Amino acid sequence: MLTTIANRLTKFPLNRIQPSSTAAPFSAAVLVILGGADANPQVTLTQRALHLNSHAGEVAFPGGMWDPVDRHLLDTAMREAREEVGLAANRVRPVATLPVASPRRREISVTPFVAIADSNLELRADAGEIAAIFDVPLNAFLDHREYDYFEMNIDDEKGPRVIRFPFLTYNNYRIWGFTLKVITDLLNSTYDAGLQLDYPVHEEPDETD
């Protein structure tokens, strides 16, 4: 499975993107680390620390915002992975740049890079940023029956709304949002997974609740 995915990632060539001076403050990058046995590959994820001011406790890839010390966005992803989970650069092989996307903070553009781990990684969480590091078998994402939806109430310039997100639970970790979409899009593109999830559905809140 991992060989198939890696071979098909050639449709997403590795591109060391350098953001423009105007885009740099709004640019971020994450590292999608794939490893494990060829027949049962895994993706490495983190749970953000519970004390953080934004996205506390959410599941995410290692990564973060562009910094002027970075030569390009791949540097950003690798630096952040080193800082957050102690990843040594020589333990992974970057192979692909996935399409740029935006999480819920739509002004931020996030570039996902895929890297293949050469063996089992010895990672350590920076307690200031990361509550946990865990691996999820890609097979866990292939069963359509494992997905469910939850609703989030928001109130912004468009008024009060309910946004409906798909999620998958693995070992009590809820994987959803940007992280889930990157993984399912990757599997659809490289493994013909046929995962059709709704992102998101907007509804008016029920005034009777």
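Numerical summary
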{"item": "Amide H contacts under 5 Å for Ala96, placed H, 5+ residues apart", "result": "Val114"}
{"item": "In Hz, Karplus ³J(HN,Hα) per residue of the stretch 150-158 (6.51, -1.76, 1.60; θ = phi - 60°; x = Gly, Pro)", "result": "10, 10, 10, 7, 10, 9, 10, 5, 8"}
{"item": "Sequence-separation-based contact order of the stretch 1-145, relative, with Cα cut under 8 Å and 6+ spacing, percent", "result": "32 percent"}
{"item": "In sequence order, calculated HN-Hα J values of the stretch 171-185 (Karplus, 6.51, -1.76, 1.60; Hz; x Gly/Pro)", "result": "6, 6, 9, 8, 9, 7, x, 4, 4, 5, 5, 4, 5, 5, 5"}
{"item": "Bridge type composition, the chain - antiparallel percent by DSSP, nearest 5", "result": "85 percent"}
{"item": "Rh by Kirkwood over Cα pairs, then Stokes-Einstein D for the stretch 127-172 at 1.567 mPa s and 4 °C, µm²/s", "result": "95 µm²/s"}
{"item": "Dipole magnitude (debye, nearest 20) for the stretch 81-209, charges at Cβ of Lys, Arg, Asp, Glu", "result": "620 debye"}
{"item": "Volume per residue of the C-alpha convex hull in the stretch 1-121, rounded to whole Å³", "result": "112 Å³"}
{"item": "Quotient of C-alpha Rg and 2.2 N^0.38 Å, computed over the stretch 79-195", "result": "1.20"}
{"item": "Bins of 5 Å, starting at 0 and running to the largest distance - Cα pair percent for the chain", "result": "1, 7, 15, 19, 21, 17, 11, 6, 2, 1, 0, 0"}
{"item": "Whole-number percent relative contact order across the stretch 112-175, with pairs defined as alpha carbons under 8 Å at least 6 apart", "result": "21 percent"}
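Read the figures in this text as sums done on the coordinates, not as results from a lab. Keep in mind that what you see is a predicted model, and the values were worked out from it rather than measured. Glycine also receives a Cβ, built like all others from the backbone with ideal geometry; neighbour counts cover every protein chain displayed.
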